[in-house]
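S.K.: Here it is: the structure, laid out below.
The values are calculated or read from the model by the stated rules, or taken from the named source; none is laboratory data. Quick caveat: nothing in here was measured; it's all calculated off a predicted structure. Every residue, glycine as well, gets a Cβ built from its backbone with ideal geometry; the counts of neighbours run over all protein chains shown. Just the protein is used for accessible areas: all its heavy atoms, side chains included, with ligands, DNA and RNA removed. Shrake-Rupley method; radii C 1.70, N 1.55, O 1.52, S 1.80 Å.
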Amino acid sequence: MSSWERTRYVPWALVQQSPTAAEAEDPDSEKERIFRQLRRDAAQEEAAAAKAKAGDQQDDASSSSSTSSSSSSVELVGGSAYGAKPTVFGLKSAVPYTHTDLLRNVAFGCTIGSMTGAVFGFMDGMRSAQDSAVLKRASNVAKGRYLLQGTTRSGLLFGGVFGVFHSLKYGVRCLADPGDVVEITFASAVTLGAMSLKPVTRPSIPYAGMLILMDAFNIYMRDSTDSIV
């Protein structure tokens, strides 16, 4: 049998194909999902160890010795590189702080916030131009300059607000890692509270709240997809 005939019987469908560039997983986007999965596994191990320890306390002295050995093994797992490590104020977090991740979160917040803010500013400018009698009589150049100023001002405002929001979320996650609900609640309270101090930024609070709700919905959908997978 020639080599050509032998290749006809090779099960090519079972050969593992290398992923393409579009199908390959991005390490930066997968890192957060890996940390969340590790935290869930560690929480399940701690809950199982606590349940086993509570049941062993009702047994005799021989079973208590096995309980101490199992609890020591759980503590060893918690002190590993992926376990919760102590931070300031006696808190614990499994997410290590890095300047790269902080800059990445700030850049993401500023980019999404500036684009969304620019759209909000353009819509407000168009509505103001239609309602204002002065702008109706103005030239097209003056109207364009007014729309450009409003779009730029709103884009910068929302870019800064959303960048601060994501930096606060990342800081809380590295400090205590309390979960997405507490992170979003704390960051939104600080961000929207700071906006309420200035009369100029108070009309933009509903738009900022809607942007935060969109981010929270995105996180909810991402966690739901990860749990299904």
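S.K.: What's the FRET efficiency of residue 38 with residue 153 using the Cβ-Cβ distance as r and R₀ = 35 Å, to the nearest 0.05?
M.R.: Efficiency, rounded to the nearest 0.05: 0.25.
S.K.: Still on this structure, I have one more. For the full complex of protein chains and a 1.4 angstrom probe, list 223, 131 by accessible area with the highest value first.
M.R.: 131, 223
S.K.: Here is a further query. Relative contact order of region 100-229, please, whole-number percent, based on alpha carbon pairs below 8 angstrom and at least 6 residues apart.
M.R.: 28
S.K.: Now for a separate question. Tally up the carbon and sulfur contribution to the accessible surface of region 87-209 as a whole percent, 1.4 Å probe, everything protein left in place.
M.R.: Ligands and nucleic acids excluded, carbon and sulfur reach 71 percent.
S.K.: How much of residue 38 can a 1.4 Å solvent probe reach, expressed as accessible area in Å² and rounded to 10?
M.R.: Its heavy atoms expose roughly 50 Å² to the probe.
S.K.: Cross-link partners among lysines for residue 85, C-alpha distance below 24 Å, same-chain residues fewer than 8 apart left out?
M.R.: Partners found: 31, 51, 53, 169.
S.K.: 5 Å is the cut-off here: which amide hydrogens, built 1.01 Å from N in the peptide plane, fall below it relative to residue 93, excluding neighbours closer than 5 in sequence?
M.R.: Here 85, 87 satisfy the definition.
S.K.: According to the square roots a ≥ b ≥ c of the eigenvalues of the Cα gyration tensor, what is the shape class of region 174-229, taking rounded for a/c under 1.5, prolate for a/b larger than b/c otherwise, and oblate for the remainder?
M.R.: oblate
S.K.: While we're here: Excluding ligands and nucleic acids, what accessible area in Å² is computed for residue 127 using a 1.4 Å probe, to the nearest 10?
M.R.: Taking all protein chains as shown, residue 127 has close to 120 Å².
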